[in-house]
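Shown next, in structure tokens, is the structure this report addresses.
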Amino acid sequence: MNNLKDIPWQEKPAHCETVMWRFSENPIIQRYSIPTSNSIFNSAVIPYNDGFAGVFRCDNKAIQMNIYAGFSPNGIDWEINYKPIEFKSGNTQMIDSDYKYDPRVVFIEDRYWITWCNGYHGPTIGIGYTFDFKEFFQCENAFLPFNRNGVLFPKKINGKYAMLSRPSDNGHTPFGDIYISYSPDMKYWGEHRCVMKVTPFEKSAWQSTKIGAGPIPILTSEGWLVLYHGVISTCNGFRYSIGGAILDQNQPEKVKYRSQPYLMAPAEYYELNGDVPNVIFPCAALHSAEKDQLALYYGAADTTTAIAFGKLSEIIYFIKNNTL
Ligand code: BMA
């Protein structure tokens with residue numbers, strides 16, 4: 001893995017008063033970017049070789065949800081494979097997968113691990129790995145159905161792999177809190193602990209219906225920075241925004257700070273208009289600690305993929321100074 005390259009970046013526009021700002025050329029991936037796609041959104045990227053690799057959620061024109069590999073020299077211009085990822089069996093015999101969506105990607109030790117929402121008698125957390133983004137292996141599902149938003153930490157914590165997830169139901173889930181689970185081997189998961197619950201409506205309504213972890217947590221001097229989506233139920237349906245929390249480095253079930261205001265909420269035309277309006281849904285972030293930069297990748301209105309930027313130090317300052 002190569003961490004030294006430049007991540008996508010654009011300076012904050014003059015007069016911008018928010019902590020995060022959007023890329024001027026958003027969305028970076030359009031809905032019909034491959035011949036079969038209806039929409040390409042909620043996708044994950046990571047530094048790879050001289051550029052970047054990604055795992056993309058593409059719903060095809062039959063609205064079959066699947067994940068596709070893609071490559072980019074700069075993190076902005078992407079070539080996405082026309083065929084979905086085909087998995088071989090990893091640490092178990094092949095598991096049924098009726099659908100795959102909302103992938104996350106992380107490098108741990110010697111390989112790239114992928115988690116996604118796997119259709120196995122309802123949604124649960126699928127796990128797979130690859131060394132080269134060409135050959136992929138599928139492992140045991142992490143949990144029983146129903147669960148979504150499985151997000152691995154980028155290194156073992158107290159000797160074990162750690163994963164955030166959001167137990168849910170078989171539908172559009174009108175509830176949901178974030179839990180952490182641990183595993184010695186990426187196969188058997190336990191020690192499930194609650195990390196963060198939804199907020200009381202009168203305190204922070206944007207995150208009062210359900211929450212779910214987004215990108216891979218980033219280790220900072222304050223602890224693990226976790227960006228997450230939060231949902232409010234409105235008379236026009238769910239609205240998905242993005243907030244941030246900082247978890248204790250050694251005991252990540254302990255929340256140190258959590259933002260009361262959101263960091264970003266749907267506001268641009270491509271976030272307000274699409275197959276599911278009023279959704280911004282982050283699944284990945286590239287960052288440079290030296291340059292104090294973060295580039296957040298998010299699905300916009302369940303239709304396209306967009307990027308937003310922020311300075312790591314300002315995001316952390318904002319979360320600490322606006323904590324619940
Ligand atoms: C969630 C998931 C996401 C989607 C969001 C908004 O339940 O299905 O993939 O972006 O709803 O529709």
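When peptides 236-245, 201-210, 295-304 are sorted by average Cβ neighbour count within 10 Å, with the highest value leading, the order is 295-304, 236-245, 201-210.
Stretching the chain fully between residue 94 and residue 156 yields a gain of 19.7 nm (0.36 nm per residue, less the alpha carbon separation).
Compute the Cα gyration tensor for segment 1-60, then decide on rounded, prolate or oblate, letting a ≥ b ≥ c be the square roots of its eigenvalues: rounded whenever a/c is under 1.5, prolate when a/b is larger than b/c in the other cases, and oblate in all that remain. Oblate is the answer for segment 1-60, as a/c is 1.5 or above yet b/c matches or exceeds a/b.
Only Cα pairs under 8 Å and 6+ residues apart enter the sum, and on that basis the relative contact order of segment 86-245 stands at 15 percent. Amide H contacts of residue 143: 125, each under 5 Å away and 5 or more positions distant or on a separate chain (H built 1.01 Å from N in the peptide plane; Pro and chain starts excluded). Placing a pseudo-label 7 Å from each Cα along the Cα-to-Cβ vector at residue 32 and residue 83 gives an inter-label distance of 2.5 nm.
Shape summary of segment 210-324, radius of gyration then Dmax from alpha carbon positions: 14.0, 44 Å. Using only the Cα atoms of segment 77-127, build the gyration tensor, take square roots of its eigenvalues as a ≥ b ≥ c, and label the shape rounded, prolate or oblate: rounded if a/c is under 1.5, else prolate if a/b is larger than b/c, else oblate. Oblate shape, in that a/c is at least 1.5 and b/c is the bigger or equal ratio.
Kindly provide log₁₀ I(q)/I(0) values, in the same order as q = 0.10, 0.11, 0.12 Å⁻¹, from the Debye equation applied to equal alpha-carbon scatterers of the chain. Each listed q corresponds, in turn, to -0.50, -0.62, -0.75.
Largest accessible area first, the listed residues 117, 16 line up as 16, 117 when surface is computed with a 1.4 Å probe on the assembled protein chains.
Taking the Cα centre of the chain as origin and assigning +1 to Lys and Arg Cβ atoms and -1 to Asp and Glu Cβ atoms, the resulting dipole is close to 560 debye. Of all lysines in the structure, those lying under 19 Å Cα to Cα from residue 197, and not within fewer than 8 positions of it along the same chain, are 210, 254, 256, 320. Computed on segment 197-291, with alpha-carbon pairs under 8 angstrom and 6+ residues apart, the relative contact order is 24 percent. Highest average first, the peptides 81-92, 101-112 ordered by how many other beta carbon atoms sit within 10 Å of their residues are 101-112, 81-92.
Size estimate for segment 32-176 follows the Kirkwood approach: the inverse of mean 1/r over distinct Cα pairs works out to 15.5 Å.
The residues of the chain expose, per residue, 42 Å² of accessible area to a 1.4 Å probe. Phi-derived couplings, Karplus 6.51 cos²θ - 1.76 cosθ + 1.60 at θ = phi - 60°, listed residue by residue for segment 274-280: x, 5, 10, x, 6, 10, 10 Hz, with x used for Gly and Pro.
The values are calculated or read from the model by the stated rules, or taken from the named source; none is laboratory data. Just so you know, these numbers come straight off a predicted model, no measurement behind them. Every residue, glycine as well, gets a Cβ built from its backbone with ideal geometry; the counts of neighbours run over all protein chains shown. We work out accessible area using only protein heavy atoms, side chains counted, and drop any ligands, DNA or RNA first. Shrake-Rupley method; radii C 1.70, N 1.55, O 1.52, S 1.80 Å.
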